[in-house]
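K.L.:
Before I ask anything, here is the structure I am working with.
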Amino acid sequence: MSWIDTIWSLNAATCLVLGFTYLLIWLQRREKVVTGIFAILAFATFTYAIIELWLLRTSDPVQFGSLVQWAQIPFFFTLVAIVAMVRIYLRAGRIWLAWVIVVGRVAALVLNFIFSPNVNYREISAMRHIPFL
């Protein structure tokens, strides 16, 4: 296990602990909507970190394309949760801009599952590992 695996695993575990902590707080005080949104953000970030860890370890281009495709789902929830936090907790931003971001991301998510291998890449022909540090 490399130090990158350790850091990614610690990141994912931290997000999971934060997610459960804020979920429990939200279940006790449901009027605090922001804690529920933060729990969603933490769980989505946890899922995204796990998918990224798989991405670091794959050497198959087809599996890589599929993982990038499925990574768009937690990214969608992360982005929507951040937009909601900015709008509700900070009371900032324009509502029309928030809706444009959400609708644009929904469109990207739908297109992601229409195009092959995903919306980010037209073709993934080969993979190779690059030593880092």
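K.L.:
Please work out which option in [x] 16.0, 48; [y] 17.1, 50; [z] 15.3, 46 gives Rg and Dmax of the Cα atoms in Å calculated from these coordinates, and answer with its label.
P.N.:
Computed from these coordinates, Rg and Dmax of the Cα atoms in Å corresponds to label [y].
K.L.:
Net charge around Val34, counting only other residues with Cβ within less than 15 Å of its Cβ (Lys, Arg = +1; Asp, Glu = -1)?
P.N.:
+4
K.L.:
A further question follows. Taking only Cα atoms and a 10 Å spring cutoff, compute GNM fluctuations for the chain and point out the largest among Leu56, Leu109, Leu16.
P.N.:
Of Leu56, Leu109, Leu16, the Gaussian network model singles out Leu56 as fluctuating most.
K.L.:
Right, another one. Taking all protein chains as present, what is the carbon and sulfur share of the accessible area of the chain, in % to the nearest whole number, probe 1.4 Å?
P.N.:
Carbon-and-sulfur percentage of accessible area, whole number: 69.
K.L.:
Same structure again: So for Arg94, Arg105, Arg57, what's the accessible-area order with a 1.4 Å probe, most first?
P.N.:
Listed by decreasing accessible area, they come as Arg94, Arg57, Arg105.
K.L.:
Also, I was wondering about something else. Given a 1.4 Å probe, how much area per residue of the range 40-105 is accessible, in Å²?
P.N.:
For the range 40-105, the solvent-accessible area averages 61 Å² per residue.
K.L.:
Another question, then. Set Lys and Arg Cβ to +1 and Asp and Glu Cβ to -1, take the dipole of the chain about its Cα centre, and tell me which of Ala126, Thr47, Phe76 lies farthest positive.
P.N.:
With unit charges placed on the Cβ atoms, the residue in question is Phe76.
K.L.:
Give, rounded to the nearest 20 debye, the magnitude of the charge dipole that the chain has about its Cα centre when Lys and Arg contribute +1 at Cβ and Asp and Glu contribute -1 at Cβ.
P.N.:
540 debye
K.L.:
Before anything else, pin down the relative contact order of the chain: Cα pairs under 8 Å, at least 6 apart, normalised by residue count, whole percent.
P.N.:
24 percent
K.L.:
Given a 1.4 Å probe and heavy atoms of the protein chains only, how would you sort Leu67, Leu24, Leu97, largest accessible area at the top?
P.N.:
Leu24, Leu97, Leu67
The values are calculated or read from the model by the stated rules, or taken from the named source; none is laboratory data. Keep in mind that what you see is a predicted model, and the values were worked out from it rather than measured. Reconstructed Cβ throughout: ideal geometry from the backbone, glycine too, with neighbour counts over all protein chains shown. These accessible areas exclude ligands, DNA and RNA; they are computed on the full protein's heavy atoms, side chains included. Shrake-Rupley method; radii C 1.70, N 1.55, O 1.52, S 1.80 Å.
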